[in-house]
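The values are calculated or read from the model by the stated rules, or taken from the named source; none is laboratory data. Predicted, not measured: the structure shown is a model, and the values here were computed from it. Cβ sites come from the backbone with ideal geometry, for glycine too, and all protein chains shown count toward neighbours. Note: accessible area is taken over every heavy atom of the protein model, side chains too, but ligands, DNA and RNA are not part of it. Shrake-Rupley method; radii C 1.70, N 1.55, O 1.52, S 1.80 Å.
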Amino acid sequence: MLGAVCSAFAYCAVRKAGTAVHSMMHVVYFGFVSTIGSFVLMLCTQDPRMPASDYEWMVVVLTGMAAFTGLAVLNRGLQLAPAGTGTLMRNLDIVFVFIFGIALFDEIPDWASVLGAASIIGCTVAMGVHKWLARN
């Protein structure tokens with residue numbers, strides 16, 4: 001729940017700042033705050049350990065690069081696109097999570113996950129159709 005609140009705050013901050021602030025500023029500050037917060041939570045909840053193998057280092061680096069790229073593109077998109085459209089497109093994360101989970105990790109989602117994802121996607125489609133009908 002805290003993550004959803006923080007995400008909503010971040011989206012509002014990006015939209016409020018608009019194009020007056022470069023989109024990379026949000027990425028840098030988000031990375032800075034996340035690094036400090038993650039370090040503190042790590043120290044409080046578990047014993048710190050460094051990646052042990054080359055594979056683990058590769059996963060950490062690739063995850064960081066993907067997160068950086070995704071956040072940079074998301075912030076730029078939120079600055080340029082209308083607020084509703086940009087936020088609705090963010091719901092496609094659910095589809096990609098299912099695809100990547102099945103394809104890369106052989107994870108089969110349970111019925112509750114599929115039902116939740118279907119309800120979110122259904123509501124997103126319904127809002128899009130409603131907006132399209134209101135324009136026409």
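Determine the per residue accessible area of the stretch 1-101 with all protein chains present and a 1.4 angstrom probe, expressed in square angstrom.
The answer is 74 Å² per residue.
If R0 is 22 Å, what FRET efficiency do you get for PHE100 and ALA17 from their C-beta distance, rounded to 0.05?
0.10
Against the longest alpha carbon principal axis of the chain, how many degrees, from 0 to 90 and to the nearest 10, is the axis of helix 23-45 turned?
Around 50 degrees separate the two axes.
If you average the sequence gap of Cα pairs under 8 Å that are 6 or more apart and divide by the length of the chain, what percent do you get for the contact order?
28 percent
Can you give the extra length, in nm with one decimal, that the chain gains between ARG49 and ILE108 once fully stretched, where that is 0.36 nm per residue apart less the Cα-Cα distance?
18.3 nm
If R0 is 30 Å, what FRET efficiency do you get for PHE32 and LEU133 from their C-beta distance, rounded to 0.05?
0.10
What span do the alpha-carbon atoms of the chain cover on each of the three principal axes, reported in whole Å from largest to smallest?
58, 43, 26
Report, to the nearest whole %, how much of the accessible area of the chain belongs to carbon and sulfur atoms, 1.4 Å probe, protein only.
For the chain, the apolar C and S fraction of the accessible surface comes to 75 percent.
If you line up the long axis of helix 93-105 against the longest principal axis of the chain, both from Cα atoms, how many degrees apart are they, to the nearest 10?
Once rounded, the angle reads 40 degrees.
Can you give the calculated 222 nm mean residue ellipticity of the chain, where each DSSP H run of n ≥ 4 adds -39,500 (n - 2.57) and the sum is split over every residue, rounded to the nearest 500 deg cm²/dmol?
One gets -28000 deg cm²/dmol as the mean residue ellipticity at 222 nm.
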